[in-house]
Every structure is written in structure tokens, then in C-alpha cells.
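Accompanying notes for the structure given below.
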Amino acid sequence: MTFNPNADISGGKTSKRGRNTGIAVGGGLGVVALVIVAQLLGVDLTGLLGGGESQESAPDTSIEQCLTGQDANERVDCRMRGAAASLEDYWAAAAPQELGIDYAAPQDFALFTQSVSTACGSATSATGPFYCPPDQIIYVDVTFFDELESQFGASGGSLAQMYVVAHEWGHHVQNLAGTLQAAQDGQTGPTSNSVRTELQADCFAGAWVGAAAETRDDDGVPFLQQPTVAEVADALSAAAAVGDDRIQEATQGQVSPHTFTHGTSEQRQRWFTVGYEQGPTACDTFGIDGAQL
Ligand SMILES: [Zn+2]
């Protein structure tokens, strides 16, 4: 998805942290208990992800240099800041107006490298992108975007990256709405609260994409241009790549629906599309029968 080159993205709340902090984190990841419901994948990727150098790791430069849509089109860290600026403006209006939720921004959107300390414990790049409810911070290591392409087979592209961010932002909205706790009941399976929570976050991501071309900076310039069919396909490809069935097939060689936490590839694409076409009020994954989920 393309930013308008003259859009002002400087209001995006984004930081960089966690370079080589030297924290030793074992495969067990104590962080998982709290975080697992809120991360994108819900599986421990430690064994799956290579530690290879990213071709698109965030440049070692200041996020403060990311000022315009042009910057966002050229640099992944600036793209993150641009997405944050747009998501923030979108939800500040849509959460109260369409969902009746009092909205407050996340405390931060942290781009981290290798490992990071959070209120949910320590995490590494292998944890995947996640939202930590106690500190209300979204954490993303942008090297994940390379893995999404190389390990999970997503098509790549800027909207695939921003879908990931928008999904985590959706968890923040759920946290404000008081629905995120529902996912922490420890249940798994095709109709579990965990799956309902994750599909709603996908739907919220789609809702933002659907409205992104009408979401404007303080000067009235839309942050983003209307996504093309190919760009929406990028987002759907990413949503499909992180479906429970797809990941289980790849990592275990079989699919075990009773352990689903995030929904199938088909469901994740479908709920993204529901949000994209109908907006956030259509994202009622908790109110419908399991057979319709
Ligand atoms: Zn999630």
C-alpha cells in the first residue's frame, strides 16, 4: 500500500529499542503465558525461524528521521511510523464512533532488534510480533517480515507488513474494550475465545485498510492511497500464511483443530475481508455461532 508522498507521518508514536541487550532467553520463553494470546502467531517459532540476517532490518537510524509518506514508501521503519500515524487517527475516531469504546493510544509501538524486555517478560525476535496488555505496547521486530515471506510463504509487500501492525493494533482496541481478557481462559479449538479474539483482530485490521484512504493527517492529506487489488492480495496472503492449519501442516505435518488458537487460513482471510468491506461493526466474532465463525 502506498503512502501519499507529502503526508505528514511525524505524529506516529514509534520507538526503537532492544538492540543486543544480551538477555538469554531459552526455548521455553516464560513470556509466552501472558503474551501468547496477543501475538500474531501463537506458536513458539524458535525452532522454525533461522537466525539469518535480514535484508530489510531497520536501518540503524533515528525514527525521528521518518517525516513524510515518501519516507514511509522507502524505509521499513518509516513505514511502521506511517502505519502508526494512520492507525492512531483511524481508531481515535472509529473506536468511539463505531464501537462505542473510549479510545486511548497505545503507550508505544516498539520496533525492537533481537530481544526486548516488556511487562510481559523478555521476548526475542522468535516470539513474533505481539501486543503486551499490561504495558499497552505493540512490539515488532521487522525482520519478521522477511520470515513471513521466506518461511511462511506470504507474498510480501508493504500491505502485508502493515496488516501485521494493524492486527496488533486491533488487540489494543480489544484491550480497551475489555474483550481481550476473554482470550486468556486457556481454551483452544476452532470456536475458542482465543480464535474469536484473533479473527476479530484480523477483521479490525481489514477495517483500517478499508478506511485508510480516508484517514488524513492534520493538513487533510490522506496518509495512504486506496489499496490496489494486488496490494489487498498481499495482505490476504499474509493472513493465510499465519493460519493455524497452514502453520501446523508445516511444523507438525498434520492439522490438529482442537489446538487452534488463531483460526484457519481461510478464516483469517475471510474476517480480514469482512472488516475491509463492512467496517469494524461487522467484526462481532464473539456474537455469532461457532459454525459461522
Ligand atoms: Zn493476534
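Of all the residues that make up the range 260-276, how many are within 15 Å of the ligand (Cβ to nearest atom) and more than 14 Å from TYR163 (Cβ to Cβ)?
Of the residues in that region, 5 qualify.
Looking only at residues that are crowded, with 24+ Cβ neighbours inside 10 Å and under 15 Å from the mean Cα position of the chain (by Cα) in the range 65-83, which one is nearest to LYS13 (Cα to Cα)?
ARG81
I'd like the full set of residues that are among the hydrophobic types (A, V, I, L, M, F, W, C), surrounded by 24 or more Cβ atoms within 10 Å (Cβ to Cβ) and not in a helix (DSSP H, G or I), limited to the range 84-110.
PHE109 - this is the single residue of the range 84-110 that is among the hydrophobic types (A, V, I, L, M, F, W, C), surrounded by 24 or more Cβ atoms within 10 Å (Cβ to Cβ) and not in a helix (DSSP H, G or I).
I'm checking my understanding of the structure. Among residues of the range 165-179 that are more than 9 Å from the ligand (Cβ to nearest atom) and small (Gly, Ala, Ser), which one is nearest to the chain's Cα centre (by Cα)?
ALA166
Right, GLY279: small (Gly, Ala, Ser) and within 16 Å of the ligand (Cβ to nearest atom) or not?
no
What are the pairs with Cβ atoms under 8 angstrom where one residue, in the range 248-267, is more than 24 Å from CYS203 (Cα to Cα) and the other, located anywhere, is surrounded by 18 or more Cβ atoms within 10 Å (Cβ to Cβ) and of a type outside the set (Ser, Thr, Tyr)? Sequence gap at least six, or different chains.
ALA250/PHE152; THR251/VAL43; GLN254/GLN248
Looking only at the range 163-178, count every residue that is closer than 15 Å to GLY275 by Cβ and not in a helix (DSSP H, G or I) and tell me the total.
Total satisfying the criteria: 0.
Is it true that SER237 is over 15 Å from the mean Cα position of the chain (by Cα) and either small (Gly, Ala, Ser) or at pLDDT below 95 (or both)?
no
Here is a yes/no grid of residues against (1) under 24 Å from ASN4 (Cα atoms); (2) exposed (fewer than 14 other Cβ atoms within 10 Å of the Cβ); (3) among the charged types (D, E, K, R); (4) out of contact with any helix residue (DSSP H, G or I) (no Cβ under 8 Å at 6 or more places or on another chain):
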residue	(1), (2), (3), (4)
ALA182	no, no, no, no
GLN225	yes, no, no, no
ALA235	yes, no, no, no
ALA250	no, yes, no, yes
HIS258	no, yes, no, yes
GLN267	no, no, no, no
TYR276	yes, no, no, no
CYS283	no, no, no, no
GLY290	no, yes, no, yes
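If we keep just the residues of the range 138-152 that are assigned to a loop (DSSP other than H, G, I, E, B) and touching a Ser or Thr at 6+ places or on another chain (Cβ under 6 Å), which is nearest to ALA85 (Cα to Cα)?
The qualifying residue nearest to ALA85 (Cα to Cα) is ASP141.
For every residue, the table says whether it meets (1) away from the ligand (no atom under 15 Å from the Cβ); (2) closer than 18 Å to ALA201 by Cβ; (3) of a type outside the set (A, V, I, L, M, F, W, C).
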residue: SER86; (1), (2), (3): yes, yes, yes
residue: GLN97; (1), (2), (3): yes, no, yes
residue: ILE101; (1), (2), (3): yes, yes, no
residue: LEU111; (1), (2), (3): yes, no, no
residue: ALA119; (1), (2), (3): yes, no, no
residue: THR124; (1), (2), (3): yes, no, yes
residue: PRO129; (1), (2), (3): no, yes, yes
residue: ILE138; (1), (2), (3): no, yes, no
residue: PHE144; (1), (2), (3): no, yes, no
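Away from the ligand (no atom under 16 Å from the Cβ), closer than 16 Å to ALA83 by Cβ and of a type in the set (Val, Ile, Thr), is that true of VAL255?
For VAL255, the condition - away from the ligand (no atom under 16 Å from the Cβ), closer than 16 Å to ALA83 by Cβ and of a type in the set (Val, Ile, Thr) - is not met.
The values are calculated or read from the model by the stated rules, or taken from the named source; none is laboratory data. Note that the coordinates shown come from a computational prediction; the quantities given were computed from them, not determined experimentally. Here Cβ is always computed from backbone atoms with ideal geometry, including for glycine, and neighbour counts include all displayed protein chains.
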